[in-house]
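Data block below; observations after.
The values are calculated or read from the model by the stated rules, or taken from the named source; none is laboratory data. None of the values given here were measured: they were computed from a predicted structure. Cβ placement follows ideal geometry from the backbone for every residue including glycine, while neighbour counts extend to all protein chains displayed. To get the accessible areas, we keep the full protein, side chains included, count just its heavy atoms, and leave off ligands, DNA and RNA. Shrake-Rupley method; radii C 1.70, N 1.55, O 1.52, S 1.80 Å.
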Amino acid sequence: MTKQQVDRIRKEYGDEYLYRQLAEECMELGHAALKLIRAEKRETPMPVQDAQQALIEEIADVRVMLFVLEKMLDTDGRVRLIEQTATKDKRMAARLLGE
């Protein structure tokens, strides 16, 4: 999706719609993660492979919305949310590994 397409979508639907869509996709991702846990523990009749596929689909939906959000915030070509995640990645790894 290009910046021009994002701009057209914003004009058609508005920023609030896109923020709500992001929130909805994030909630669906959380639900899919919980469903996978239940499938792995055999607490639901859903096969693990189906639950994994559902999780992958929700990850893709969230990535699309994050891309749209990045384009929305990148008004002057300087915002790079993905580059900013490198610092957070290192902190998270250090915290989880006790480093």
Surface share of carbon and sulfur [accessible, 1.4 angstrom probe, percent] for the chain: 55
Distance between modelled label sites at ARG91 and GLU16, nm, 7 Å Cα→Cβ extension: 3.1
Total charge dipole magnitude, the chain, about the Cα centre, Cβ charges on Lys, Arg, Asp, Glu only, Debye to nearest 20: 280
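What shape does the chain have by the C-alpha gyration tensor, where a ≥ b ≥ c are the square roots of the eigenvalues, rounded means a/c under 1.5, and otherwise prolate means a/b greater than b/c and oblate the rest? Numbers along the way, then the final one.
Values: a/c = 3.14, a/b = 1.41, b/c = 2.22.
Oblate shape, in that a/c is at least 1.5 and b/c is the bigger or equal ratio.
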Inter-label distance for ALA33 and MET46, nm, one decimal - labels placed 7 Å from Cα along Cα-to-Cβ: 1.4
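What 222 nm value per residue comes from the helices of the chain, counting each DSSP H run with n ≥ 4 as -39,500 (n - 2.57) and dividing by all residues, nearest 500 deg cm²/dmol?
-28000 deg cm²/dmol
What order do MET27, MET65, MET92 take when sorted by accessible area (1.4 Å probe), most exposed first?
So the residues, ranked largest to smallest area, are MET27, MET92, MET65.
Could you give the accessible area per residue of the chain, probe 1.4 Å, as a whole number in Å²?
Values: 7750 Å² over 99 residues.
Result: 78 Å² of accessible area for each residue.
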